[in-house]
Amino acid sequence: MRLSRYAPLEHPLAHQFQRATESITSALSPDSARQYRGAARNFLIYLGEDHPAVRSLNQLHRDPHILGWFAHLRSHTPPLAQAVYVCRLLFLRSILEELARTAQLPDLTCLIRREDLPRIPQRLPRPLTAEQDRLLQQELIRRNDLPANVFLLLRHTGMRIGECADLAYDCLHNVAPDRWAIHVPLGKLKTERMIPVDSFVCELVQRLRFFRSFDPLPADDRLLARHKGKQTLIKQLRPYLSDAATAVGISKPIVPHQLRHTYATEMVRAGVSLPALMTLLGHVKAEMTMKYVLVAGNDLQREFHLARSHPRHLAPQPKVPVISPRAGLAGVVDAILFAQHAIEMFRRSLSDGPPRRCLDRLSNRLTKILSEARKLNQAG
């Protein structure tokens with residue numbers, strides 16, 4: 001059997017897996033076909049070594065054969081990257097579905113389930129550097145047209161671009177004497193919030209109202225006019241930001257979501273607490289907020305010297321703690337979350353190399369521990 005570039009694999013199921021793999025990969029690239037063959041070979045080697053009695057497809061069961069293979073993959077040394085682990089599961093699931101069709105064994109489609117696939121960590125865009133932020137804002141202020149004011153509004157409120165497209169014409173609210181806030185309607189996470197703003201943001205909203213007054217579309221109670229719908233408006237705005245970035249010499253591609261991350265990082269450096277930042281960004285989970293924040297080397301130096309010059313044991317203890325630690329497993333979950341945050345902040349300060357990759361693996365292990373702790377907490 002030719003399931004890979006290695007020597008033929010002797011297994012009773014090898015021929016059937018080969019035909020299924022060839023059927024799936026007939027229109028795929030050579031590299032994709034190679035990965036399918038590799039997943040099939042890996043599974044059959046495991047099956048031959050740990051379950052030699054399995055000689056036909058109808059003998060395959062989720063437990064112990066498939067679940068045992070999952071454990072086999074997780075015990076790999078060095079550990080498999082999560083993306084590799086997920087791909088092997090997906091490839092084998094496709095092969096089993098093809099075998100279920102050709103061999104008339106529908107139970108094969110249930111051996112690998114959707115919940116078996118862990119979510120691959122989302123790589124979020126990084127915040128702008130201080131110099132990039134300064135240059136880009138200067139360029140947007142200089143241009144002072146409608147798109148420029150939209151992106152300045154995103155930068156100074158931390159809104160998502162889709163939320164900005166949904167803003168009402170009267171989104172600006174006077175919440176107290178000389179205190180203003182922008183009402184952000186229901187968005188990505190089905191939440192709405194009030195974002196405190198300063199006089200500069202108030203001026204931005206007034207400019208956008210001015211541009212809206214000249215738009216030929218009839219008034220529809222929205223701050224930004226939609227000529228062909230919300231998504232069309234967003235697609236029209238996105239290239240503008242890249243053009244402004246290129247104009248000031250920023251070579252790397254810039255996306256609107258980076259303005260949100262830059263806002264979050266600025267808020268943390270200004271002393272905003274994690275719960276307050278979660279509210280500002282409209283997050284419901286602390287771990288998502290942590291992914292938005294970039295702590296640079298200068299931040300670490302500042303915090304270190306501040307801690308040395310004002311030791312905690314010299315500061316008076318507050319009578320009521322700001323955040324009370326939760327008891328039981330809920331407290332364990334909180335502790336793991338903040339441990340992940342500390343590791344991530346330190347990891348980002350390192351250049352690429354073995355220490356940084358080691359911290360990546362440690363963070364992945366904490367993610368698995370966190371998942372199990374949450375399950376126990378829910379069960380309790």
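Is one or more of the residues making up segment 4-23 touching a Gly at 6+ places or on another chain (Cβ under 6 Å) and surrounded by 16 or more Cβ atoms within 10 Å (Cβ to Cβ)? Yes, segment 4-23 contains at least one residue that is touching a Gly at 6+ places or on another chain (Cβ under 6 Å) and surrounded by 16 or more Cβ atoms within 10 Å (Cβ to Cβ). Residues of segment 328-363 that are of a type in the set (Lys, Arg) and over 17 Å from Lys291 (Cα atoms): Arg357 alone.
Here's the yes/no breakdown for (1) among the acidic types (Asp, Glu); (2) under 15 Å from Tyr263 (Cβ atoms); (3) in contact with a helix residue (DSSP H, G or I) (Cβ under 9 Å, 6 or more places away or on another chain):
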residue: Glu139; (1), (2), (3): yes, no, yes
residue: Arg142; (1), (2), (3): no, no, yes
residue: His156; (1), (2), (3): no, yes, yes
residue: Leu167; (1), (2), (3): no, no, yes
residue: Arg179; (1), (2), (3): no, no, no
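Answer with yes or no whether Asp63 is within 17 Å of Leu108 (Cα to Cα), modelled with pLDDT of 90 or more and among the acidic types (Asp, Glu).
Numbers: within 17 Å of Leu108 (Cα to Cα): yes; modelled with pLDDT of 90 or more: yes; among the acidic types (Asp, Glu): yes.
Judged against the criteria, Asp63 is a match.
For segment 43-68, the candidate set comprises residues that are free of Cβ contacts under 8 Å to residues at least 40 places away in the same chain and among the aliphatic types (A, V, I, L, M); within that set, the residue that is surrounded by the most Cβ atoms within 10 Å (Cβ to Cβ) is Leu47.
Against the condition closer than 25 Å to Asp360 by Cα and of a type in the set (D, E, K, R), how does Arg55 come out, does it pass? Outline the logic, then answer.
Working: closer than 25 Å to Asp360 by Cα: no; of a type in the set (D, E, K, R): yes.
Criteria not met by Arg55.
The set of residues in segment 130-150 that are in contact (Cβ under 8 Å) with a residue 60 or more places away in the chain and among the polar types (S, T, N, Q) comprises Gln132, Gln138, Asn144, Asn149.
Quick one: would you say Leu80 is touching a helix residue (DSSP H, G or I) at 6+ places or on another chain (Cβ under 7 Å), free of Cβ contacts under 8 Å to residues at least 40 places away in the same chain and aliphatic (A, V, I, L, M)? Judged against the criteria, Leu80 is a match.
Screening segment 118-136 for residues that are exposed (fewer than 14 other Cβ atoms within 10 Å of the Cβ) and over 18 Å from Leu152 (Cα atoms) and picking the one that is modelled with the highest pLDDT gives Arg119.
The values are calculated or read from the model by the stated rules, or taken from the named source; none is laboratory data. Small disclaimer: the values here were computed from a predicted structure and weren't measured. Glycine gets a Cβ as well: all are built from the backbone with ideal geometry, and neighbour counts include every protein chain shown.
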